[in-house]
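Q: Here's a structure for you.
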Amino acid sequence: MKKFFMNASKVIACLIFSVWSTSLWAEVNPKPFVIPELTTWTGAEGEFVPSGRLAVKGGKQAVQVAEAFARDYKEITGKDLKVVKGGGKAGDFVLNLKKDESLGREGYRMEVGEKAVITAHTAQGLFWGTRTLLQLSEQSDRCALPKGSSVDIPEYEMRGFMMDCGRKFIPMDYMRNLVKIMAYYKMNTLQVHLNDNGFRQYFGDDWMKTQAAFRLESTTYPGLTAKDGSYSKQEFIDFQILAENNFVEVIPEIDVPAHCLAFTQYKPEIGSKEYGMDHLDLFNPETYKFVDGLFKEYLSGDQPVFRGKRVHVGTDEYSNANKNVVEKFREFTDRYLKLVESYGKQPMCWGALTHAKGETPVKVDNVIMSCWFNGFAQPKEMKKLGYKLISIPDGLVYIVPAAGYYYDYLNCQYLYNSWTPATIGGEKFEENDPAVMGGMFAVWNDHCGNGISVKDIHHRVYPAMQTLAVKCWTGKHTSVPYETFNTKRLALSEAPAVNENATYGTEQKEVFHCATVTPGMEMPYKEIGYNYTVSFTVEVQDEAKGTELFRSSNAVFYLSDPRTGQLGFARDGYLNHFNYRLPKGQKVNITIQGDNRQTILWVNGERKQVMDPITCYAMKANEKIDFQYGVEHDFKPVVYTPNTKMYYQRTLVFPFEKAGNFKSKVTDLKVYNYIK
């Protein structure tokens, strides 16, 4: 008996030691992966499993954030959240809006224990906290969150992106999705470049035939609005309201006095005969009447079209050929900075005052300057003058799709490892210098007509967006290695209910299979993005030109294209056809493979054609060559040495949304999310 008690005592002692040692060595949760990276993290043990309830404290604004979170949570996880008032109980999400100035305008405190609590000083901070909860939730099969706490406050006030809608029309559906994507990654500023023009060397050196566009409806100047795509005033207002509800500021930009061909094509007398018709004539009084009227249309009244607190007036890349034009440019810049402010908006401009160094005073107070190239505006000089600065250095953060200069895709690894907004070109500021408000990147659609689609643009924007989100929020304090970041970022959604890249998981797989495709049939997927393989079998009947196999809101795939009757596809106003016609009365297997560079056709297992970029040249009369001399015959070759080239893109995000009205029998449709 005594031996039994001694043994029992040893067992109990071992159990106590085991529990004690397990507690001592229990794993503390490491910092979880989200974008942008949390600025602080204190790990705890265990995980929070949600109950399906969402408690909210803090009034109407907190309730609105809670309702948005519940909708987005349903989209991300497929699970409902019941919104209730109060402090919540174990298993509940809790959103708490209360005064805490230490968190600032955008910061929040996250405490994940028995409850998952977000506390913020403002509705914006509360909303950003819910983006973190969503990203954490989507990375767990059970939507569980690691226990721990964070005080997450951004390093930089402005974190943004600029889209050139002037040279290429960007549909409003995409712009609305773009806002949601930016919000999901806490990017708070979207600059919309509303007017611009192509380069005249691609248009026969004829200004009046060169692409140019102003993208907003105008009643002041009927006929000014671009005919190849524009936004109505109401569309643009609704777009800004959507952005406001997602805590993203839309900054409209009307770019003057250069990049103005859309205005001078409309009213040629205000174009500069000396510096080119893409420049406004700064010495013509009619120029000022026109530009005054343009800004008035969108800024005046109790409910102006431009709803936000800031408006950008452009002012980049005007000639500095002589002192007179420099002083006139400075006068023009000062006038429109003040005009915008007179309507109650904070004015913004591109940096140009080193390039246009002169004596005429230019407004400084309450002006934000986008510093893009130090040769045009030396950042530290601009700081001394008193400007607030946005870091948007062209040599690091400019995307010009398929142009062959700047970046086609940003060097995200370099930016992630080596850049913050404190670096503007070759100038390095101290981190958190109050003069540097934040950082942005930009897409410039310089090469009008080069075949780039909105899907191609997005494919370039999205990785850059995720990268810049980290560098503008977390700054130099990133701790996740780039290789880890670049892998884990792929597992996150673009945003709730947004999938512009049309990707379906990170594992290679067959996305779906359809035994028979019938005319008019609606598919479970809208489209498949890069990289993909699509195969199907066709028992070919005689198809009229223009017969569609599939279409989506973004593209059409033809069994018989409208021009040639061959296999082909159209998107963004471009029609591309393969050099292959379906053989009537035969049965063939068709495979299409697509990535961000090319579209490939296979027929019965044989590769028939690779549609990769085509190098195209603009032919100019002064580039014609003739080396013949003293030859009496009339047979001279017509040849050129062209220097102006463009890389025409023939990519396709394959559409499936709806089958067309075809006669052929289409079977065994298979769709893979990789190049098979």
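Q: Can you work out the FRET efficiency for the pair residue 142 and residue 102, with r the C-beta to C-beta distance and R0 = 30 Å, to the nearest 0.05?
A: Rounded to the nearest 0.05, the efficiency is 0.35.
Q: Please state, rounded to one decimal and in Å, the Kirkwood hydrodynamic radius that segment 153-259 gives when every pair of distinct Cα atoms enters the mean of 1/r.
A: 14.9 Å
Q: On to the next question. At 222 nm, what helix-only mean residue ellipticity would the chain give, in deg cm²/dmol to the nearest 500, using -39500 (n - 2.57) for each DSSP H run of four or more?
A: -8000 deg cm²/dmol, from helical runs alone.
Q: Taking just the C-alpha trace of segment 51-190, give me its Rg and Dmax in Å.
A: 15.8, 54
Q: Still on this model: Please give the length that would be gained between residue 622 and residue 274 if that part of the chain were fully extended, namely 0.36 nm times their separation in residues minus their C-alpha to C-alpha distance (nm, one decimal).
A: Numbers: separation 348, 0.36 × 348 = 125.28 nm, distance 2.12 nm.
Full-extension gain reported as 123.2 nm.
Q: In terms of the ratio Rg/(2.2 N^0.38 Å) built on C-alpha atoms, what value belongs to segment 158-491? Mind dumping the intermediate values first?
A: Numbers: Rg = 19.0 Å, N = 334, 2.2 N^0.38 = 20.0 Å.
After normalising by residue count via 2.2 N^0.38 Å, the value is 0.95.
Q: Moving on. Could you pull the Rg and Dmax for segment 253-293, using just the Cα atoms, both in Å?
A: Looking at segment 253-293, its Cα Rg and Dmax stand at 8.8, 25 Å.
Q: Amide H neighbours of residue 441 under 5 Å, counting only residues 5+ apart in sequence or on other chains, H built in-plane at 1.01 Å?
A: 160, 161, 162
Q: A follow-up question, please. How do 307, 131, 142 rank when sorted from fewest to most other Cβ atoms within 10 Å of their own Cβ?
A: Working: 307 18, 131 23, 142 10.
Ordered by Cβ neighbours within 10 Å, fewest first: 142, 307, 131.
Q: Quick one: putting +1 on the C-beta of Lys and Arg, -1 on the C-beta of Asp and Glu, what dipole do you get for the chain around its Cα centre, in Debye to the nearest 20?
A: Numbers: 80 positive and 79 negative charges, 389 e Å.
Dipole size: approximately 1860 debye.
Q: What is the ratio of the Cα radius of gyration of segment 501-558 to 2.2 N^0.38 Å, with N the residue count, to two decimals?
A: Numbers: Rg = 13.0 Å, N = 58, 2.2 N^0.38 = 10.3 Å.
So the Cα radius of gyration is 1.26 times the expected 2.2 N^0.38 Å.
Q: Along the charge dipole of the chain, pointing to its positive end and built from +1/-1 on Cβ of Lys, Arg, Asp and Glu, which listed residue (248, 517, 390) has its Cα farthest out?
A: It is 517.
Q: Quick check of the Kirkwood formula: for the chain, what is the inverse mean of 1/r over all pairs of different Cα atoms, in Å? Don't jump to the answer; show the numbers that get you there.
A: Values: mean 1/r = 0.0356 Å⁻¹.
Across the chain, the inverse of the average 1/r is 28.1 Å.
Q: Something else: Once the Cβ-Cβ distance between residue 668 and residue 610 is put in as r, and R0 is 30 Å, what FRET efficiency do you end up with, to the nearest 0.05?
A: Details: r = 24 Å, r/R0 = 0.79.
After rounding, the FRET efficiency stands at 0.80.
Q: For segment 514-648, what value does the Rg/Rh ratio take when both radii are computed over Cα atoms and Rh is the Kirkwood radius, given to two decimals? All intermediate terms of the calculation are to be shown ahead of the outcome.
A: On the way: Rg = 20.6 Å, Rh = 17.9 Å.
That ratio is 1.15, to two decimals.
Q: For a quick check: sort 482, 184 by the number of other beta carbons within 10 angstrom, fewest at the front.
A: On the way: 482 16, 184 24.
Sorted ascending by nearby Cβ count, the order is 482, 184.
Q: Just want the ordering: 187, 382, from fewest to most Cβ atoms lying within 10 Å of their own Cβ.
A: Working: 187 26, 382 22.
Ranking 187, 382 by Cβ neighbours within 10 Å, fewest first, gives 382, 187.
Q: Let me ask something additional. Taking the Cα centre as origin and putting +1 on Lys and Arg beta-carbons and -1 on Asp and Glu beta-carbons, what dipole magnitude results for segment 524-664, to the nearest 20 debye?
A: Around 240 debye, computed over segment 524-664.
A short reminder: the numbers here are calculations on the coordinates, not readings from a lab. Since the structure is predicted, the reported quantities are computational estimates derived from the model, not experimental observations. In this analysis, Cβ positions are derived from the backbone assuming ideal geometry, glycine residues included, and neighbour counts consider all displayed protein chains.
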